[in-house]
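Worksheet: the structure to be examined is printed underneath.
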Amino acid sequence: MNLLIPARECEAELVVKKSRFIARLVPVQDRGQVNAAVARARLDYPDARHHCWAYLLGRPADATGAGMSDDGEPAGTAGKPILNVLQHGELGNVLVIVVRYFGGIKLGAAGLVRAYANATRQVLDITPAQRLTHWHCYLLCGDFSLEQPLRHLLSGLQGKLSQIDYGVGIEVQLQLAADDVIPVRNFCAAHGAELKAVD
């Protein structure tokens, strides 16, 4: 499974009618990391009126976990708009905390929904993404002459050669992404080598 995740933490700020909305995006893998990041945001912005948030674990289209908090804003005006933007985005394993400093002018429910959603979009727009790849382990057995062509093949893939043992021939321990398996199987078939999954 390939999953697009945030490459790093990012922050963006939006001002709406004198209220400051500071959106912090944090890569997360579980609810414990969500809780820790929210606690850290409260420490970083202790005088803010609200620390609203939402998170998604897994792919946005079929998340394995999700949650949100309005943190004192009217129900459905903060956490839900943040989560809605995340659900329609491309990044998984992501938490967005939007810290609000009240500027003295009430925005109304519709205005809050727009502000929290726009702050979330703004931080998503500046966040670099990376692909989270799940690796599978394989053992390739073959002739010594395969080592250099195999290294050349792997240089064009995501696959990694983790160990090589020399005996009668070579035994190579590989870590392959799902997309790499077919080219490596084709290589083995063409060169009389054997490829076995070991996980």
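The values are calculated or read from the model by the stated rules, or taken from the named source; none is laboratory data. Everything quoted here is computed from the prediction, not taken from an experiment. Using ideal geometry, Cβ is built from the backbone for each residue, glycine included, and neighbour counts are taken over all protein chains shown. Heavy atoms of the whole protein, side chains included, go into the accessibility calculation; ligands, DNA and RNA do not. Shrake-Rupley method; radii C 1.70, N 1.55, O 1.52, S 1.80 Å.
Structure notes:
- Taken over the range 158-199, the residue count meeting the criterion of being exposed (fewer than 15 other Cβ atoms within 10 Å of the Cβ), part of a loop (DSSP other than H, G, I, E, B) and within 29 Å of the chain's Cα centre (by Cα) is 2.
One line per residue, one yes/no per condition, for (1) out of contact with any Cys (no Cβ under 9 Å at 6 or more places or on another chain); (2) under 30 Å from D179 (Cα atoms); (3) buried (at least 20 other Cβ atoms within 10 Å of the Cβ); (4) not acidic (D, E):
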site: A12; (1), (2), (3), (4): yes, no, yes, yes
site: V15; (1), (2), (3), (4): yes, no, no, yes
site: D30; (1), (2), (3), (4): yes, yes, no, no
site: R40; (1), (2), (3), (4): yes, no, no, yes
site: Y101; (1), (2), (3), (4): yes, no, no, yes
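- None of A109, A117, A129 is open to solvent by less than 80 Å² (accessible area, probe 1.4 Å), in contact with a Ser or Thr (Cβ under 6 Å, 6 or more places away or on another chain) and either of a type in the set (S, T, N, Q) or closer than 30 Å to E11 by Cβ (or both) except A109.
- Applying the condition of being farther than 16 Å from E194 by Cα and among the polar types (S, T, N, Q) to the range 135-162 and asking which residue is modelled with the highest pLDDT yields Q148.
- Scanning the range 132-150 for residues that are open to solvent by 30 Å² or more (accessible area, probe 1.4 Å) and in contact (Cβ under 8 Å) with a residue 60 or more places away in the chain turns up L132, H134, H136, C137.
Let's see how each residue does on (1) open to solvent by 20 Å² or more (accessible area, probe 1.4 Å); (2) within 18 Å of P128 (Cα to Cα):
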residue	(1), (2)
V34	no, no
R49	yes, no
G58	no, yes
A61	yes, no
M68	yes, no
D71	yes, no
A75	yes, no
L86	no, yes
